Amino acid sequence: MDIYDKPVSVRQGEELDPAKIYEFLMDNVGGLSGDITIRQFPSGFSNLTYLIRIGNRDMILRKPPMGSKAKSAHDMGREYRILSSLKSVFPYCPQPIVYSEDLTVIGSPFFVMERINGIILRKDLPEGLALHPDEARRLCKNLLDVHYKLHSIDYRRIGLESFGKPAGYVGRQVKGWTSRYNAARTPDAPGFETVIRWLHDKMPPDCTRPALIHNDYKFDNVVLKADNPMEIIGVLDWEMATIGDPLMDLGNSLAYWVEPDDSAKALAIRMMPTNIPGALKRSEIIKLYEYHAGITIDNFDFYRCFGLFRLAVIAQQIYYRFYHGQTKDPRFGKLILFTNIYEEEAKKILERSEL
């Protein structure tokens, strides 16, 4: 039984020219020899990820999606620079290898990095992997521990102080994602007016301890050690990382966190196995973060509601590309359902919140 994340044949319309990739890598990466093969990792809805194999060496190539609408969300150079600065103090990062803005190679900027071999959890545990409830609980704690390690990094010391503006971060996020939603809204999408108004009204003040935040930290963006699945050995997909409010980062993560007692609709669009026996509840994760940070979080409704809204915007932006024929990936056509369910779940928070 195979528990590894496997690449597949490249999707139609997302092919790369092997000859151009081979020439570029041979000119810019030392120690390569042998033939080239290119495969694609099928999961994920944003940047495209390919496995490039030359001889016996595996590398990962990352590029923007076809027909991407929000170009600022797919800045390959920025992601490469973050990895280059962060690797020395956060060993979970993949090692960046080379970045290129030469559009003659694949038609867009891209970068190449090392491959971290291990297990990546998707919607359900892969066949061949079973976690005892105690193991599931330990894995969830380790996930939070690594997240807090990221937030604890002195980003100024590694030269990343210019990668974000902490002052006014929450307000810019609410305003920015509202604008993105309106720009990507299609006739079949919900309005989100009630949620947007609530987010604007309930914004917390600037945090006093800004941090380097991942902005998409979740199970399918971490790599687990094959012979010890409770150990995290890699953190992937740094395209949205910035300097900002760490509680916004935690809220974004817990927007993905679906529990067994959540609604049938929320369970239906679950993307990770956070509902398995032993997995921590959202409330337990918040308490654990409070313990690590030495703080009390009394307004988490705002952060999780924003996280759900943000997921709706991301789903809607991708659906927009499908709606307008910019991508043929059939997965994208279903995302309008996600947009509607995220609005319903966000409204539930508003209804019971004491903020």
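At a glance:
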item	result
Rounded, prolate or oblate (a/c below 1.5 giving rounded, otherwise prolate when a/b exceeds b/c) for region 67-164 by Cα gyration tensor	oblate
Cα convex hull of region 147-304 - mean projected area over all directions, nm²	11.2
Normalised contact order of the chain, rounded percent, pairs of Cα under 8 Å and 6 or more residues apart	18
Label zone at residue 347 (point 7 Å along Cα-to-Cβ), backbone N below 16 Å, region 187-203	188-199
Region 92-138 - Debye-derived log10 I(q)/I(0), Cα point model, q = 0.22 Å⁻¹	-0.86
Magnitude of the charge dipole, region 69-228, Cβ model with Lys/Arg +1 and Asp/Glu -1, debye to 20	480
Per-residue SASA entry for residue 162, accessible area with 1.4 Å probe, Å² rounded to 10	100
Per residue value of the accessible surface for the chain (all protein chains in place, 1.4 Å probe), Å²	45
Sites residue 355 and residue 292 - FRET efficiency at Förster radius 22 Å, r taken between beta-carbons, to 0.05	0.40
At R0 = 56 Å, FRET efficiency that the Cβ-Cβ distance of residue 156 and residue 12 yields, to 0.05	0.80
Apportionment of accessible area to carbon and sulfur, region 268-307, percent (1.4 Å)	53
Convex hull projection area averaged over all views, region 249-330, Cα basis, nm²	6.7
Segment residue 41-residue 201, extension gain: residue separation times 0.36 nm, minus the distance between their alpha carbons	53.5 nm
Neighbour count of at most 11 Cβ within 10 Å plus DSSP loop: longest trypsin sites (Lys or Arg not before Pro)-free window in the chain	158-355
Selected from 168, 244, 234 as most flexible by GNM, with the chain as the system and alpha-carbon contacts under 10 Å	168
Probe 1.4 Å - accessible area at residue 15, Å² to nearest ten	110
In Å², nearest 10: area of residue 27 left accessible to a 1.4 Å probe	120
Listed values (i) 20.8; (ii) 17.8; (iii) 20.0, entry calculated as mean projected area of the Cα convex hull in nm²	(ii)
Accessible heavy-atom area order of 292, 132, 214, highest first, probe of 1.4 Å	132, 292, 214
Region 1-33-region 108-175 distance, computed between alpha-carbon centres (Å)	25
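The values are calculated or read from the model by the stated rules, or taken from the named source; none is laboratory data. All values reported here derive from a predicted model rather than from experimental measurement. Every residue, glycine among them, receives a Cβ derived from its backbone with ideal geometry; neighbour counts consider all protein chains shown. The protein model used for the area step is the full one, side chains on, heavy atoms only, and it has no ligands, DNA or RNA in it. Shrake-Rupley method; radii C 1.70, N 1.55, O 1.52, S 1.80 Å.
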